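**Student:** Sending over a structure as structure tokens; questions will come in a sec.
The values are calculated or read from the model by the stated rules, or taken from the named source; none is laboratory data. Keep in mind the model is a prediction, meaning the values are calculated, not measured. Neighbour counts are summed over all protein chains in view; Cβ atoms, including those assigned to glycine, are modelled from backbone coordinates with ideal geometry. These accessible areas exclude ligands, DNA and RNA; they are computed on the full protein's heavy atoms, side chains included. Shrake-Rupley method; radii C 1.70, N 1.55, O 1.52, S 1.80 Å.
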Amino acid sequence: METNGLEKKTNGLEGDSDLQFLLQGGDLLKVRSSSWKKTRFFRLQEDCKTMWRESKKTFKSKQTFSLDEIAEVLMGRQSEGLKKNTEEQVESRCFSIMFKGRRKNLDLIASSEEEAKQWVKSLQKVVSNINNLNRQQTTEHWIFSCLRKADKNKDDKLSESEVKNFLRLINIEVDDDYAEMLFKKCDKSKSGYLAGEEIEHFYDLLTHREEIDVIYGEYAKTTGFMSPQNLVDFLMKEQRMKATLADAHKIIEKYEPDEHVKEKKLLSKDGFLMYLHHPGAMILNPEHSEVYQDMSQPLNHYFISSSHNTYLMEDQLKGPSSTEAYVRALLKGCRCVELDCWDGSEGEPLIYHGYTLTSKILFKDVIEAIKEYAFKTSDYPVILSLENHCCVEQQAVMAHHMSSILGSALVTSPLGDGMPTNFPSPEELKGKFLIKGKRLNKLEACFASETAAGEDTDVTEEEESNDEDEAEAEQKEKKKKKLKLAKELSDMVIYCKSVHFHGFDDARKNLSFYEMSSFKEAKAVTLAEESANAYVHHNVEKLSRIYPAGKRTDSSNYNPVPLWNAGCQIVALNFQTTCNDMDVNQGRFLVNGKSGYILKPAFMRDVTTEFDPITLTRGDWLKHKTLHIMVISGQQLPKVNKKKSSIVDPLVKVEVHGVPADVAEKETRPVDNNGFNPEWNENFQFDVYVPELALVRFVVEDHDSTSDNEFVGQYTIPFASLQLGYRHVPLLNKNGDLLPSAGLFVHVMIMDAE
């Protein structure tokens, strides 16, 4: 078990020099502040997943983090901490480990540039390998590490009390009689502890899945195994796939672990389960995990993943501002980031939340971080939404920084020859940056014979207000001061010129295609409810940006779905806040290669469209479907409460999000004291009228009869990306990161409604 397990943990990296470097470990200087810098010995454990560190003073060692918690390894002084607490001359020896979720960076200094590069290269390689483990290997990885934890005296044997401890670690409550029965069943040597093959037998008993036995037994008609023809029958009948014998042979070749069975061209139950855990066989249509949509439509024909107050790590009153917040948002596929710009000392503009105690960061540092990380997750264009409060001089500095740092990637003139009449496409704008902000004149003026007079002119200040009180907003409107605008900055605004919204008629008659408005959440929701078709029409021709209410000082979010239903493209959310709304947003942008651009349905791109998400009059959008979902079982659901004795009582909610007629939620009964392998076998049925706008969300909660249920994990997927049949559903934690071995097993069927 130990040897097998370890071989699987290295996932093909046995003997790799980068892995060996990490297993050997080394001294690094850990940096917490300018005065706190201490040497620590870091080393990767034998599980090839857990990093330990040892203090040079006390020689105490402790687990610090798991490699699957790493979001990114940054070479050089890229983190806030290293920029602030180290000198420039150590740049080449520095690196930072950025974690998923809200965990602080680990800032480190190696003894040489070569050593720093080796740490970065080795960590990146092993992290990439862990991310590529299939779910079966990930599950084994997790169970293996729980077994190691349970083996208190580290003798590679498990006593009966260690077995009970292990069961608790994997989130399964068993009564003493059952634990004793399991133990005795496996303790073939009658020695009072489990070792070697006995632990393997114990593992097999635990991971046995009855529901898989039933499905496999239904189709394994060839001496207890599945033949290629049996597999084709399963794929066609249950999974509703077009499958050939050649496909079946490929699956057997790839997933059958037993060489003897593979030689006979058969698929064992283990091979069948390995196949069902394969990403392409899970609930998300694998074709949709790549860019599969037409990316040559005008930019405003897409929903665009967008962030509000991107610079904030927490709340909007006193939370820290950080370039890392931009890195995190961009790595999650965000394509529109916000920069709240204010005058700084020594002529350098700053970014922070005005009139609050949020910390301040240099505009220049933010642009450098954006340049570095903009296109790591997606190649498609990034919009820099400027909220500009700077004087003319510092605006010129902003323009200089953007021009010098972003270079030719910054769009500073229309693509093609002559005055454009429509937006370019995401495909044409690949690798490019667009500026959204105020402009001194119409774009048409660039093509007229006369040039704009003067270096700066008055324009009305950016329309964002941080107050929802309408009366107060009106007062502000009257007092609204004029903003002087630097020509250098104004000239960079090409396709996203910010203007005030004075109604749909005014916009249609007086605004050019590139002139766009930002809407307060409340205003946008009202328009989406009361003038939905007019809003849809407006968004066929223009871009709209929606932002959260100013009173959301805790950086909470709003439901983006009603705004998408009205065709709004840039629905900006607080990416730093974990909540249902961000889960749904992540689900919307899960597909199309996580490009951050999702093509709107054809009926939302048509200038003559009569689509209204509220009234749902007849049209191409009405494709009434019946969605049948059977929630069968769960696997390795994590503990909510990390206390040893607490075990999850899981229940599953299935939600549909979309037009009001489609919104629905159903839930299973809770299963008591079993997060390891709960079974529900419950059927749900949903009516979905506009499938192209619908999303399906699976939520697992820990049932509590005396208070609110606690969140365990969730997965949101566009209705159009569901695969049919028996499917595993991965689960994400509250930060939107994959829970390594947790999941649901469901059956999905979609029928045309009568």
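**Student:** Does any residue of segment 522-540 turn out to be among the hydrophobic types (A, V, I, L, M, F, W, C), in a strand (DSSP E or B) and assigned by the TED database to the domain that holds SER305?
**Tutor:** no
**Student:** With respect to ASP213, determine if the residue is surrounded by fewer than 16 Cβ atoms within 10 Å (Cβ to Cβ) and in contact (Cβ under 8 Å) with a residue 12 or more places away in the chain.
**Tutor:** The answer is yes for ASP213.
**Student:** Being on the phi < 0 side of the Ramachandran plot, under 21 Å from the mean Cα position of the chain (by Cα) and surrounded by 19 or more Cβ atoms within 10 Å (Cβ to Cβ) is the filter here, so list the residues in segment 546-558 that pass it.
**Tutor:** Matches in segment 546-558: ILE546, TYR547, PRO548, ASN557, TYR558.
**Student:** Something else now. Answer yes if at least one residue in segment 247-258 is surrounded by 14 or more Cβ atoms within 10 Å (Cβ to Cβ), of a type in the set (D, E, K, R) and either in the same structural domain as HIS747 (by the TED database) or under 19 Å from PRO286 (Cβ atoms) (or both), and no otherwise.
**Tutor:** yes
**Student:** Any chance you could count how many residues in segment 77-94 are open to solvent by 70 Å² or more (accessible area, probe 1.4 Å) and under 14 Å from LYS121 (Cα atoms)?
**Tutor:** So the count comes out to 1.
**Student:** Next up: For the list (1) of a type outside the set (A, V, I, L, M, F, W, C); (2) at pLDDT below 75; (3) not in a helix (DSSP H, G or I), I need the number of the one condition that THR138 fails.
**Tutor:** (3)
**Student:** Right, next: Among the residues of segment 259-304, count how many are in contact with a helix residue (DSSP H, G or I) (Cβ under 6 Å, 6 or more places away or on another chain), among the acidic types (Asp, Glu) and either under 22 Å from TYR203 (Cα atoms) or open to solvent by less than 70 Å² (accessible area, probe 1.4 Å) (or both).
**Tutor:** 0
**Student:** On to the next question. Kindly provide the set of residues from segment 487-504 that are touching a residue at least 60 places away in the same chain (Cβ under 8 Å) and open to solvent by 30 Å² or more (accessible area, probe 1.4 Å), ordered by number.
**Tutor:** Taking segment 487-504 and keeping what is touching a residue at least 60 places away in the same chain (Cβ under 8 Å), we get 488-489, 491-492, 494-498.
Once the filter is applied, which keeps residues that are touching a residue at least 60 places away in the same chain (Cβ under 8 Å) and open to solvent by 30 Å² or more (accessible area, probe 1.4 Å), segment 487-504 yields GLU488, ASP491.
**Student:** Sticking with this one: How many residues are of a type outside the set (A, V, I, L, M) and open to solvent by 20 Å² or more (accessible area, probe 1.4 Å) if we restrict to segment 599-620?
**Tutor:** Qualifying residue count, segment 599-620: 10.
**Student:** Exactly one condition in (1) closer than 22 Å to CYS390 by Cβ; (2) buried (at least 19 other Cβ atoms within 10 Å of the Cβ) is false for LYS484; which is it?
**Tutor:** (2)
**Student:** Among the residues of segment 674-689, write down those that are touching a helix residue (DSSP H, G or I) at 6+ places or on another chain (Cβ under 6 Å) and among the hydrophobic types (A, V, I, L, M, F, W, C). Spell out how you get there, then give the answer.
**Tutor:** Of all residues in segment 674-689, those touching a helix residue (DSSP H, G or I) at 6+ places or on another chain (Cβ under 6 Å) come to 688-689.
Correct list: VAL688 only.
**Student:** Suppose we filter segment 221-233 for residues that are assigned to a loop (DSSP other than H, G, I, E, B) and either at pLDDT below 95 or surrounded by fewer than 17 Cβ atoms within 10 Å (Cβ to Cβ) (or both); how many remain? Talk me through it step by step, then tell me what you get.
**Tutor:** Quick first cut of segment 221-233, residues assigned to a loop (DSSP other than H, G, I, E, B) only: 221, 223-224, 227.
Cutting the leftovers down to either at pLDDT below 95 or surrounded by fewer than 17 Cβ atoms within 10 Å (Cβ to Cβ) (or both) gives us 221, 223-224.
Number of matching residues: 3.
**Student:** I've got another one for you. Residue pairs, Cβ under 7 Å, 6 or more apart or interchain, first in segment 42-54 and outside the structural domain of LYS154 (by the TED database) and over 11 Å from LEU67 (Cα atoms), second part of a strand (DSSP E or B) and open to solvent by less than 20 Å² (accessible area, probe 1.4 Å). List them.
**Tutor:** PHE42/GLY26; PHE42/LEU28; PHE42/MET51; ARG53/PHE42
**Student:** Here is a follow-up. Does LEU74 satisfy the condition of being open to solvent by 40 Å² or more (accessible area, probe 1.4 Å), touching a residue at least 24 places away in the same chain (Cβ under 8 Å), in a strand (DSSP E or B) and not assigned by the TED database to the domain that holds LYS154? Lay out the reasoning, then the answer.
**Tutor:** Values: open to solvent by 40 Å² or more (accessible area, probe 1.4 Å): no; touching a residue at least 24 places away in the same chain (Cβ under 8 Å): yes; in a strand (DSSP E or B): yes; not assigned by the TED database to the domain that holds LYS154: yes.
No; evaluated as a whole, the condition is false for this residue.
**Student:** Going by the structure shown, is ALA507 assigned to a helix (DSSP H, G or I), open to solvent by 10 Å² or more (accessible area, probe 1.4 Å) and more than 26 Å from VAL392 (Cα to Cα)?
**Tutor:** No; evaluated as a whole, the condition is false for this residue.
**Student:** Within segment 1-52, track down each residue that is in contact with a Gly (Cβ under 9 Å, 6 or more places away or on another chain) and at pLDDT below 85.
**Tutor:** MET1, GLU2, ASP47
**Student:** So, in segment 176-191, exactly how many residues are open to solvent by 40 Å² or more (accessible area, probe 1.4 Å) and either modelled with pLDDT of 75 or more or assigned by the TED database to the domain that holds ASP233 (or both)?
**Tutor:** Of the residues in segment 176-191, the ones open to solvent by 40 Å² or more (accessible area, probe 1.4 Å) are 176-178, 180-181, 184-185, 188-191.
Applying the additional criterion that residues be either modelled with pLDDT of 75 or more or assigned by the TED database to the domain that holds ASP233 (or both) yields 180, 184-185, 188-191.
Result for segment 176-191: 7.
**Student:** Run ASP107 past the list (1) touching a residue at least 40 places away in the same chain (Cβ under 8 Å); (2) of a type outside the set (Gly, Ala, Ser); (3) not in a strand (DSSP E or B) and report the number of the one that doesn't hold.
**Tutor:** (3)
**Student:** While we're on this one: Collect the residues in segment 712-739 that are open to solvent by 20 Å² or more (accessible area, probe 1.4 Å), part of a strand (DSSP E or B) and of a type outside the set (A, V, I, L, M), keeping them in residue-number order.
**Tutor:** TYR726
**Student:** Does any residue of segment 180-199 turn out to be touching a helix residue (DSSP H, G or I) at 6+ places or on another chain (Cβ under 7 Å) and closer than 30 Å to GLN714 by Cα?
**Tutor:** No, segment 180-199 contains no residue that is touching a helix residue (DSSP H, G or I) at 6+ places or on another chain (Cβ under 7 Å) and closer than 30 Å to GLN714 by Cα.
**Student:** Counting only residues that are assigned to a helix (DSSP H, G or I) and free of Cβ contacts under 8 Å to residues at least 60 places away in the same chain, how many does segment 195-209 have?
**Tutor:** Total satisfying the criteria: 5.
**Student:** All but one of (1) out of contact with any Lys or Arg (no Cβ under 6 Å at 6 or more places or on another chain); (2) at negative phi; (3) assigned by the TED database to the domain that holds GLU256 hold for ILE199; which doesn't?
**Tutor:** Only one criterion in (1) out of contact with any Lys or Arg (no Cβ under 6 Å at 6 or more places or on another chain); (2) at negative phi; (3) assigned by the TED database to the domain that holds GLU256 is unmet by ILE199, namely (3).
**Student:** Taking THR377 as the residue in question, decide whether it is in the same structural domain as ASP491 (by the TED database), out of contact with any Leu (no Cβ under 7 Å at 6 or more places or on another chain) and polar (S, T, N, Q).
**Tutor:** no
**Student:** Which residues, taken from segment 559-581, are open to solvent by 10 Å² or more (accessible area, probe 1.4 Å) and under 18 Å from ALA522 (Cα atoms)?
**Tutor:** Scanning segment 559-581 gives ASN559, PRO562, ASP581.
**Student:** Mind checking whether some residue in segment 113-124 is over 23 Å from the mean Cα position of the chain (by Cα), modelled with pLDDT of 90 or more, within 20 Å of LYS37 (Cβ to Cβ) and not in a helix (DSSP H, G or I)?
**Tutor:** Checked against the condition, which is being over 23 Å from the mean Cα position of the chain (by Cα), modelled with pLDDT of 90 or more, within 20 Å of LYS37 (Cβ to Cβ) and not in a helix (DSSP H, G or I), segment 113-124 yields no hits at all.
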